[in-house]
Amino acid sequence: MSEKTSFWTRLTGGLARTRDRIGACLSNMASGQIDENTLDELEEILILSDIGVTTSAKLIERLKARRGEAAEVEGLKNILRQEMQSMLEAPKPLLWHFEARPEVVMVIGVNGVGKTTTIAKLAFWLKGQGKNVLLAAGDTFRAVASEQLVKWGERLNCPVVWQKSGADPSGVAFAALDQALEESFDVMLLDTAGRLHTKVNLMEELKKIHRVLGKRLAGAPHKVLLVLDASTGQNALSQGRMFNQATPVDGLILTKLDGSAKGGVVLSLCAELKLPVCFIGQGEGMEDLAVFNASEFARAIV
Ligand code: GDP
Ligand code: MG
């Protein structure tokens, strides 16, 4: 199986439940009659597919406006797919110029969403493009968090800057940036803690790290990427809102889109947070990361 095929198989597999629901609703529609009831029914299905109330209403509104174009279900499907794609493409995409040296990337998100694993995947992706990557273990809350990143560093052959548990994460960030500057790394990927029960502290800590990085190198961090677990559905949206208020987020990474993902949430994330989805995670291995593609994603849903 080629890499492309397996990626597509996993994407469509993960979104199977969502696609089946929408597909079944559209097929049940009475002999191509697209009336008000049909659209109401579709709206319900979209909401049940974790697309969210507001975003589902927006999609239905657009379908209503374009209803004249679709005499039958197949046409309606095409319009729905197009509208979803344009919704997914709407936020300005996040570009990687690699102009800053190092390009400092801060990875944030709640515990367990897949931050550390995603950093390993990003490092693998960047190394594949010939970039020199330095990893920084900014999650100093638990010793295992740093150990996990150190292990990934060994497998990826990437140096890791870490300090003992309980150390100030801003200190780790500062020390890592020092090393990245001195040793001319192309990219520095900074892991952070995500314990949610101390929400206020966490947000203050993230702001402090942000500030400290900017003091050492103007413009740093160049990217703040928020990791969200797609399998948590609308919870991911509330986490997105919360983090985006505390620290300006530049892009999203959706993990766990393999398995029983509630992938519809990706639409509400793009539409409501107005943030681009940059990557999607589809497994626990370092190669299980794909650059997000709006057209493929829309096709996998409808
Ligand atoms: P963190 O607490 O945010 O750093 O999360 P971790 O990176 O430690 O990941 C938590 C768990 O989720 C680990 O068991 C990972 O292997 C798993 N995980 C991360 N990303 C994915 C993904 O895309 N798909 C699947 N199935 N598991 C993932
Ligand atoms: Mg972690």
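The values are calculated or read from the model by the stated rules, or taken from the named source; none is laboratory data. Note that the structure is predicted; figures quoted are calculated from it, not measured. Using ideal geometry, Cβ is built from the backbone for each residue, glycine included, and neighbour counts are taken over all protein chains shown. Each accessible area value is taken on the protein alone, full model and side chains, heavy atoms only, with ligands, DNA and RNA left out. Shrake-Rupley method; radii C 1.70, N 1.55, O 1.52, S 1.80 Å.
Quick look at the values:
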| read-out | value |
| --- | --- |
| Estimated distance in nm for a label pair at Met242 and Ser6, the labels positioned 7 Å out from Cα along Cα-to-Cβ | 3.5 nm |
| Assigned charges on the beta-carbon of Lys, Arg, Asp, Glu; the range 183-263 dipole about Cα centre (debye) | 360 debye |
| For the range 107-224: span of alpha carbons on each principal axis (Å, largest first) | 39, 29, 23 |
| Nearby aspartates and glutamates by direct alpha-carbon distance to Lys58 (threshold 13 angstrom, same-chain neighbours under 8 apart not counted) | Asp40, Glu43, Glu44, Glu83, Glu272 |
| Net lengthening on full extension, Gln179/Glu147 (0.36 nm per residue, minus Cα-Cα) | 9.6 nm |
| Carbon plus sulfur fraction of accessible area for the chain, probe 1.4 Å, in percent | 49 percent |
| Crossing angle, helix 36-46 versus the chain [Cα axis fit, 0-90 degrees, rounded to tens] | 20 degrees |
| Proximal lysines relative to Lys64, as straight alpha-carbon distance under 20 Å, when same-chain residues fewer than 8 apart are discounted | Lys77 |
| Positive-pole candidate from Leu46, Phe98, Gly75, dipole of the range 34-102, charges at beta carbon | Phe98 |
| Rounded to 10°, Cα long-axis angle of helix 234-246 versus longest principal axis of the chain | 50 degrees |
| Heavy-atom surface of the range 5-158, accessible at 1.4 Å and reported per residue (Å²) | 46 Å² |
| Per residue solvent-accessible surface (Å²) - the range 232-302, probe of 1.4 Å | 32 Å² |
| Per-pair calculated FRET efficiency, R0 = 35 Å: Ala16 and Asn37 via Cβ, rounded to 0.05 | 0.85 |
| Taking N as its residue count, the alpha carbon Rg of the chain over 2.2 N^0.38 Å | 1.07 |
| Dipole of the range 207-257 [Lys/Arg +1, Asp/Glu -1 at C-beta], most positive-end residue of Leu225, Gly240, Val212 | Val212 |
| Stretchable slack from Ser27 to Ala167, in nm (0.36 nm times residue separation minus alpha-carbon distance) | 44.6 nm |
| Computed lengthening from Ala57 to Glu74, 0.36 nm per intervening residue step minus Cα-Cα distance | 4.1 nm |
| Cβ charges +1 (Lys, Arg) and -1 (Asp, Glu), total dipole of the range 96-197, debye | 420 debye |
